1. Quick one: compute the contact order of the stretch 62-112, relative version, from alpha carbon pairs under 8 angstrom and 6+ residues apart, as a percent.
2. When the dipole is taken about the Cα centre of the chain, and only Lys, Arg (+1) and Asp, Glu (-1) are charged at their Cβ, what size is it in debye, to the nearest 20?
3. Would you mind ranking Thr124, Thr248, Thr8 by Cβ crowding within 10 Å, fewest neighbours first?
4. Whole-Hz Karplus ³J(HN,Hα) for the stretch 262-267, in order, using 6.51 cos²θ - 1.76 cosθ + 1.60 and θ = phi - 60°, x for Gly and Pro?
5. Take every Cα pair under 8 Å in the stretch 11-219 that's 6+ residues apart, average their separations, divide by the length, and report that relative contact order as a whole percent.
6. Do the sum for the chain: with -39,500 (n - 2.57) for every DSSP H run of n ≥ 4, divided by all residues, what is the mean residue ellipticity at 222 nm, to the nearest 500 deg cm²/dmol?
7. With +1 assigned to the C-beta of every Lys and Arg and -1 to the C-beta of every Asp and Glu, and no other charges, what is the dipole magnitude of the stretch 150-232 about the Cα centre in debye, to the nearest 20?
8. Please list 3J(HN,Hα) in residue order for the stretch 82-95, calculated via the Karplus relation 6.51 cos²θ - 1.76 cosθ + 1.60 where θ = phi - 60°; whole Hz, with x for glycine and proline.
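Every number in this text was worked out from the coordinates using simple rules, so none of it is lab data. Because the structure is predicted, anything quoted here is derived from the model rather than measured. FYI the Cβ positions are ideal-geometry reconstructions off the backbone, even for glycines, and counts take in every protein chain you see.
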Amino acid sequence: MTPLNRITVSREKILSNYDSFVEKGGGKEFWPVMKANAYGCGIEQITEILDGKDFEYWVVDSYAETLKIWEKSRKKVLLIGPILRDNYQYIDFKKITLSVQTMGDLEVLGKLNKDIRIHLKVNTGMNRQGFEIEEMEELIKMLKKYPKIEVEGIFSHLADAENEDNSFIEKQEEEFKKVLNILEQNGIRPRWVHLAASAGAFKTKDKRINAVRLGIGLFEGGVRLISTITKARWTKKGEKVSYGGTYTMKEDGWLGVIPVGYYEALDRKLSNRGVVEYKDRYYPIVGNICMNMMMVDFGKTKIAEGEEVEVIGANGANSFKEMAVKCATIDYELMTRLNSSIRREII
């Protein structure tokens, strides 16, 4: 069946974004971050688009995401999210590498007595996940206790990479270097060293850093949400629109009903503030956005039921970036809200 709503993913734009980072990367590898359904873009679609590129790892948050990638790709997966320790026994470790950030996780994995690749996560100032520098002595003892565990990588995460002032990045990198030096002094030299994501990709200086976790920068401008006018109503001046009557028609005109609401993707804060694009012009979303619907004031522009409108654009006034400003949030949040039930298609 033909859907009322569809998300288009631009193969050309995704590939262009990826290639741009690689070209500027000075030899670093760039690993696509596929968590949260590839930032809402569609994990299956992004895997299909990028699988032909030369990189070591897909990066995911969960084992469920890992399984989805394995349906499309033979590349290895780096799982950076937490896992219940009881579930380690069920994991196939041949194609997966785990992020480890606690002594408890490391001990449970060691007792499995299996060949397991890990990337150690260290805290350098984000204060979210990771081993502390004060734990390095104990950590090294634990690693020597379980020789089947291979420390293939080490990483941290930048907390303020989007700031033009790089002073906090520099502070974090100094902490990261201290950890690297301690490990090297004890004979542990990980093959992969990564500190930055998209925003900090070109801001780190230590030459040992050889990989970047590429997230939002991979997807920017590559996704659109297209919907359909399901009702065209000629509406009189002075009539109220939607729940609470928060919008009053300023003149007689066409009101279009679009089957996209806050369930599908559209933040309710865009009520009476957001816009959609129709035939190269923007028209305002009016009244309160509903669970599965919204209304658009097309004024005197004639509309017809069954015609398409662009609810979220790759750029312009209805892009994720512009909507995020209106919602006082970040584009990441709005992108990841794209409901997984909406059909994705690669164009």
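1. Working: 33 pairs, mean separation 18.5, N = 51.
Contact order relative to length: 36 percent.
2. On the way: 53 positive and 51 negative charges, 117 e Å.
Roughly 560 debye, rounded to the nearest 20.
3. Details: Thr124 26, Thr248 12, Thr8 17.
Final ranking by Cβ density, sparse to dense: Thr248, Thr8, Thr124.
4. Listing the rounded values in order: 6, 5, 6, 3, 8, 4 Hz.
5. Numbers: 343 pairs, mean separation 43.2, N = 209.
It rounds to 21 percent for the stretch 11-219.
6. When only DSSP H runs of four or more count, the value is -7500 deg cm²/dmol.
7. On the way: 12 positive and 13 negative charges, 70 e Å.
For this selection, approximately 340 debye.
8. x, 9, 4, 4, 5, 8, 4, 5, 9, 7, 8, 8, 5, 10
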